[in-house]
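Visitor: The structure under discussion is supplied below as structure tokens; questions concerning it will follow.
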Amino acid sequence: MKKILVVDDEENIRMFYKEELEDEGLEVHLAGSGEEALEMIGKNSFDLVSLDIRLPGIDGIETMRRIKENWTDIPVILCSAYHHYKQEFGSWASEAYVVKSSDLKELKDTINKVLNPV
Amino acid sequence: MGQRLVDRIIELTSSEDIKQRPLTILKTLSEDLSAQCLIYTFKQDKNGFFLEYGYGTRWDTAPSFYHLEGSLPGRCILAGKEIEVVRKNKDLESKFNDKGLKDFTRALYIPMFNNDKPTGVLCIKGRDIKHILKRTVIVLAEYLSGILNTIALLEEREEHIMELSFLHEVNKALMTTMNLDKFIYIMLTAVTVGDGMGFNRAMLFIVNEKADIIQGMMGIGPDNAEEAGRIWYDYIINKEGLFDLIFFEEDNPPQINSKLNKIVKGIHFSLNEDSILVCAVKEKRAFNVLNADDSSYDCKEIVDRLGSKAFAVVPLTTLGKVLGVIVIDNLYNMKPITGDEIKVLTTFCKQAGIAIENSLLYNELKETLMALKELQTRRVQKEKLVALGEMAATLAHEIRNPLVSIGGFVRRLGKELEQIDLRNGFHLKTGKGHLEVGAIHEGALQEYLDRIKGEVLKLESVLNDVLNFSKEGQPCFRTEDLNLIIQKTLETLEEELNRVGINLVKELSSDRLFIKGDEHMLNHVFLNLISNSLQAMEGGGTLTIRSFSLFQDGREWVVAEVEDTGGGIEPDALKNIFNPFFTTKDHGTGLGLAVTHDMVINHQGLLEVKNNINKGVTFVIKFHAYKGAADMKDDMTINKGRRAIDYT
């Protein structure tokens, strides 16, 4: 089973994502901040990280930078409420940029694509 | 005998009002000497003497005027000493060609001077005059002269005082209004009313530099002789003073429907023409036209349009600039306008000119201020719009997250419910029966519902924050007791306080702390500040609320303090704390304090924050104290303007 880390500061979002993604057959771990995420990545080996951009403390982009710096091969999906960065994400190092929505369809599809490249 | 007479006279007059003394002296003298006694005063501009006081036989038949040249009084003045005439052969009347000497056999003329300037002549005439001690009479004449000089001075002073007091009263009246129309009305009325200078008609023309003309603005006066008579009659009977005429309600002068006003408003002269009004403006001086036909200036328009051949034009000046002119005439009583009157009018116009300029400047200032305020409002609006634009990013987060949660949980609810065969109460997935379905899944379902409810509330509060920030809001200001507002807010938060385990300390003033405020907004202010404090004290703490009155900077203030033990704010964050979208919290729009700050400003109050590093934060809110009855009385006095404001 693939292990993924979902990072978001909202508890409700974390809970919801966990339940939905577990239904997809993934092992889901949660972190509420960039610092917590980095700590957990250090201790576990994740197959994918889903990162919210707006986080307390160090923000999503900085967190991603550090992940990429220290663990080069972990794919990172930026998952955010902001949609107007979507066009620009290409200049960042994330694998994908997903806009949060209540049906998580885009997120699930993207996770699928990233974890199971054809 | 002479000395006794003098003593007697001095004794009699010493206790008398000075204006009575000349007559008393004449009376005593006349009775003592059985003579006719007269006092003639010298008038420089008429070059002659006028009979001022008289006593004794036939004194009222004495000539009322003597020329300086060729008359006996004149001669004694020119000689500088007394002259005595005694009948010898011819009767005195024919000898000196003086009707005043008819049937008299002896006459004595004593000149009176004030520092070498002739003031008058004392004249004593008799038939069988008892022997007059010339020296006695000369002494008395000196005494009399002194009295007459003092009287003349007094009268001059009195006239001056009346003039000044009149001008002073009018100026006070003028100061009660900045309304130009009312101003002009007061001015022109002052000049026409009985107590004032009493001219028949007064008209004001103002210089309009932009249009290069002088324009008629207002005309006060009766439209015909009949109306004029009625007004004077009314005045005499009712003694309507100047102020009764002036103090009408509010700032609107009564409608001036007179024909004169209409005529004046329709008159205008080009400043390039040579009409007399324009000359007055250009030469900055007054003109007294006794007869327009004889005048070398162009008075045609005035005569034709206003119907007066005799009138005066006085410029209204201020600091060298001519604002306009006042034209006055006595069309109905045909009284000639004197040089003295022109002098008084000129002084008055100088004052009025300054007052009008003040009014014009004030109005200009008011307009500029209004324009600035409007600009400011628009700028603030624009800034808010820009801020709102920036808000879009934050809103995305604040709204989308709850939506995602709500949508997500609703979806999950749906999925769970699909699994339950509601009719049979059988959970398809787990295969458990009705009761057990309830037991297992009720918890999960309830949790979803609770979370959804929570997110919806969050959304509502976000919406409120946005609306409060963007709307102008018309607050409704009433008298409020700050303590009551604080109490109410604390009641609302009571549950919350207990739940989080906060220790509440209330140090509210025992006095009533009245302020002018909008109850709803004030509630919001305290709700927000206290909520902030509570959020900073998640793990418990002490919330202290204080209220008190304070006298500072010459004003009474009502102060409230909200103090928490939440650890304080980073000094860096402190300066941004009231900026919109700034927040140190995980969530929230960052608008709460910005809105609160705005609301306090709307109440003309002050909101400050004291940072007690590592301890907590104290928010200090200051409002102007509302004095109640005292304040209301001040408002009324200024707004109604029933009496001139006392500028002492």
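Visitor: Has region B:69-78 got at least one residue that is assigned to a helix (DSSP H, G or I), in contact with a helix residue (DSSP H, G or I) (Cβ under 9 Å, 6 or more places away or on another chain) and not aromatic (Phe, Trp, Tyr)?
Guide: Filtering region B:69-78 down to residues assigned to a helix (DSSP H, G or I) leaves B:72-78.
With in contact with a helix residue (DSSP H, G or I) (Cβ under 9 Å, 6 or more places away or on another chain) added as a condition, the list becomes B:72.
Next, only the ones that are not aromatic (Phe, Trp, Tyr) stay: B:72.
Yes, region B:69-78 contains at least one residue that is assigned to a helix (DSSP H, G or I), in contact with a helix residue (DSSP H, G or I) (Cβ under 9 Å, 6 or more places away or on another chain) and not aromatic (Phe, Trp, Tyr).
Visitor: Out of the residues in region B:20-33 meeting the condition of being charged (D, E, K, R) and more than 17 Å from B:Glu142 (Cα to Cα), tell me which one is surrounded by the most Cβ atoms within 10 Å (Cβ to Cβ). It would help to see each step written out before you state the result.
Guide: Start the filter on region B:20-33 by keeping residues that are charged (D, E, K, R), which leaves B:21, B:27, B:31-32.
Cutting the leftovers down to more than 17 Å from B:Glu142 (Cα to Cα) gives us B:31-32.
Working: B:Glu31: 12, B:Asp32: 17.
Looking at residues that are charged (D, E, K, R) and more than 17 Å from B:Glu142 (Cα to Cα), I get B:Asp32.
Visitor: Next question, about the same structure. For B:Asn272, state whether it is farther than 25 Å from B:Glu341 by Cα and either loosely packed, with under 12 Cβ neighbours inside 10 Å or in contact with a His (Cβ under 9 Å, 6 or more places away or on another chain) (or both).
Guide: Numbers: farther than 25 Å from B:Glu341 by Cα: yes; either loosely packed, with under 12 Cβ neighbours inside 10 Å or in contact with a His (Cβ under 9 Å, 6 or more places away or on another chain) (or both): yes.
Considered against the rule, which asks whether it is farther than 25 Å from B:Glu341 by Cα and either loosely packed, with under 12 Cβ neighbours inside 10 Å or in contact with a His (Cβ under 9 Å, 6 or more places away or on another chain) (or both), B:Asn272 comes out as yes.
Visitor: Of all residues in region A:3-33 being farther than 20 Å from B:Tyr448 by Cβ and touching a strand residue (DSSP E or B) at 6+ places or on another chain (Cβ under 7 Å), which is farthest from the other protein chains (Cβ to nearest Cβ)?
Guide: Here the residue is A:Lys3.
Visitor: Moving on to the next point. Quick one: which of B:Thr565, B:Thr583 is out of contact with any Asp or Glu (no Cβ under 6 Å at 6 or more places or on another chain), farther than 21 Å from B:Gln487 by Cα and β-branched (Val, Ile, Thr)? Outline the logic, then answer.
Guide: On the way: B:Thr565 fails: farther than 21 Å from B:Gln487 by Cα.
On inspection, the qualifying residue turns out to be B:Thr583.
Visitor: Among the numbered conditions (1) closer than 20 Å to B:Leu133 by Cβ; (2) not in a helix (DSSP H, G or I), tell me where B:Glu52 comes up short.
Guide: (1)
Visitor: If you take the residues of region A:68-97 that are modelled with pLDDT of 85 or more and under 11 Å from the mean Cα position of the chain (by Cα), which of them is nearest to the other protein chains (Cβ to nearest Cβ)?
Guide: A:Cys79
Visitor: Here's another thing I want to ask about it. So which residues in region B:281-314 are part of a loop (DSSP other than H, G, I, E, B) and touching an Asp or Glu at 6+ places or on another chain (Cβ under 8 Å), if there are any at all? Steps first, please.
Guide: Residues of region B:281-314 that are part of a loop (DSSP other than H, G, I, E, B), as a first pass: B:284-286, B:290-291, B:295-297, B:299, B:307-310.
Those that are part of a loop (DSSP other than H, G, I, E, B) and touching an Asp or Glu at 6+ places or on another chain (Cβ under 8 Å): B:Tyr297, B:Ser308, B:Lys309, B:Ala310.
Visitor: State whether one or more residues within region A:56-64 are away from chain B (no Cβ under 14 Å), over 18 Å from A:Lys100 (Cα atoms) and crowded, with 18+ Cβ neighbours inside 10 Å.
Guide: Yes, region A:56-64 has at least one match.
Visitor: Looking only at region B:434-447, decide whether some residue is modelled with pLDDT of 75 or more and out of contact with any helix residue (DSSP H, G or I) (no Cβ under 7 Å at 6 or more places or on another chain). It would help to see each step written out before you state the result.
Guide: Residues of region B:434-447 modelled with pLDDT of 75 or more: B:445-447.
Adding the requirement that they be out of contact with any helix residue (DSSP H, G or I) (no Cβ under 7 Å at 6 or more places or on another chain) leaves B:446-447.
Yes, region B:434-447 contains a residue that is modelled with pLDDT of 75 or more and out of contact with any helix residue (DSSP H, G or I) (no Cβ under 7 Å at 6 or more places or on another chain).
Visitor: Among what's in region B:583-610 and is away from chain A (no Cβ under 14 Å) and in a loop (DSSP other than H, G, I, E, B), pick the residue that is modelled with the lowest pLDDT. Working first, answer last.
Guide: If we filter region B:583-610 for residues that are away from chain A (no Cβ under 14 Å), which is where we start, we get B:591-610.
With the extra rule that they be in a loop (DSSP other than H, G, I, E, B), the set shrinks to B:591, B:603-605.
Details: B:Leu591: 72, B:His603: 88, B:Gln604: 88, B:Gly605: 90.
Among those that are away from chain A (no Cβ under 14 Å) and in a loop (DSSP other than H, G, I, E, B), it is B:Leu591.
This table checks each residue for (1) touching a residue at least 60 places away in the same chain (Cβ under 8 Å); (2) in contact with a Phe, Trp or Tyr (Cβ under 9 Å, 6 or more places away or on another chain); (3) within 28 Å of B:Arg499 (Cβ to Cβ).
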position: B:Arg546; (1), (2), (3): no, no, yes
position: B:Pro571; (1), (2), (3): no, no, no
position: B:Lys575; (1), (2), (3): no, no, no
position: B:His603; (1), (2), (3): yes, yes, no
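Visitor: Let me ask something additional. Pairs please, first residue from region B:85-108 and of a type in the set (D, E, K, R), second anywhere and surrounded by 15 or more Cβ atoms within 10 Å (Cβ to Cβ) and part of a strand (DSSP E or B), Cβ atoms under 6 Å, 6+ apart in sequence or on different chains.
Guide: Within 6 Å, the pairs are B:Arg106/B:Gly126.
Visitor: Could you list, in sequence order, all residues of region B:34-50 that are surrounded by 20 or more Cβ atoms within 10 Å (Cβ to Cβ) and either without any contact (Cβ under 8 Å) to a residue 40 or more places away in the chain or not hydroxyl-bearing (Ser, Thr, Tyr) (or both)? Don't jump to the end; show me each part of the working.
Guide: As a first pass, look at region B:34-50 and keep what is surrounded by 20 or more Cβ atoms within 10 Å (Cβ to Cβ): B:35-40, B:42, B:49.
Of everything in region B:34-50, those that are surrounded by 20 or more Cβ atoms within 10 Å (Cβ to Cβ) and either without any contact (Cβ under 8 Å) to a residue 40 or more places away in the chain or not hydroxyl-bearing (Ser, Thr, Tyr) (or both) turn out to be B:Ala35, B:Gln36, B:Cys37, B:Leu38, B:Ile39, B:Phe42, B:Phe49.
Visitor: Still on this structure: Give me a count of the residues in region A:34-46 that are surrounded by 16 or more Cβ atoms within 10 Å (Cβ to Cβ) and away from every other protein chain (no Cβ under 14 Å).
Guide: As a first pass, look at region A:34-46 and keep what is surrounded by 16 or more Cβ atoms within 10 Å (Cβ to Cβ): A:34, A:36-38, A:40-41, A:46.
Subset that is away from every other protein chain (no Cβ under 14 Å): A:37-38, A:40-41, A:46.
The total comes to 5.
For (1) crowded, with 20+ Cβ neighbours inside 10 Å; (2) touching an Asp or Glu at 6+ places or on another chain (Cβ under 8 Å), each residue gets a yes or a no:
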site: B:Thr61; (1), (2): no, no
site: B:Tyr66; (1), (2): yes, no
site: B:Ser71; (1), (2): yes, yes
site: B:Lys81; (1), (2): no, no
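Each row is one residue, and each column tells you yes or no for (1) in a helix (DSSP H, G or I); (2) surrounded by 17 or more Cβ atoms within 10 Å (Cβ to Cβ).
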position: B:Ile328; (1), (2): no, yes
position: B:Arg379; (1), (2): yes, no
position: B:Val404; (1), (2): yes, yes
position: B:Gly414; (1), (2): yes, no
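Visitor: If B:Lys373 satisfies every condition in (1) within 30 Å of A:Ser101 (Cα to Cα); (2) basic (Lys, Arg); (3) away from every other protein chain (no Cβ under 14 Å) but one, which is the exception?
Guide: B:Lys373 satisfies every listed condition except (1).
Visitor: Considering only region A:19-78, state which residues are touching a residue at least 60 places away in the same chain (Cβ under 8 Å) and hydroxyl-bearing (Ser, Thr, Tyr).
Guide: Initially, region A:19-78 is screened for residues touching a residue at least 60 places away in the same chain (Cβ under 8 Å), giving A:20-21, A:24, A:26, A:47-48, A:50.
Correct list: A:Ser50 only.
Visitor: May I pose another question? Return the residues of region A:100-111 that are more than 14 Å from every other protein chain (Cβ to nearest Cβ) and without any contact (Cβ under 8 Å) to a residue 60 or more places away in the chain; say none if nothing qualifies.
Guide: First, the residues of region A:100-111 that are more than 14 Å from every other protein chain (Cβ to nearest Cβ): A:109-111.
Passing the criteria: A:Asp109, A:Thr110.
Visitor: Shifting gears a bit: So in region B:283-297, with the set limited to residues that are more than 19 Å from B:Glu273 (Cα to Cα) and within 40 Å of the chain's Cα centre (by Cα), which one is surrounded by the fewest Cβ atoms within 10 Å (Cβ to Cβ)?
Guide: Applying the filter and picking the extreme gives B:Leu290.
Visitor: Could you tell me how many of the residues in region B:614-640 are aliphatic (A, V, I, L, M) and either at pLDDT 80 or above or surrounded by 13 or more Cβ atoms within 10 Å (Cβ to Cβ) (or both)? Lay out the reasoning, then the answer.
Guide: Step one: list which residues in region B:614-640 are aliphatic (A, V, I, L, M), which gives B:617, B:620-621, B:625, B:629-630, B:632, B:636, B:638.
Next, only the ones that are either at pLDDT 80 or above or surrounded by 13 or more Cβ atoms within 10 Å (Cβ to Cβ) (or both) stay: B:617, B:620-621, B:625.
Adding up the residues that qualify gives 4.
The values are calculated or read from the model by the stated rules, or taken from the named source; none is laboratory data. Predicted, not measured: the structure shown is a model, and the values here were computed from it. With ideal geometry, Cβ positions are generated from the backbone for all residues, glycine too; neighbour counts draw on all protein chains shown.
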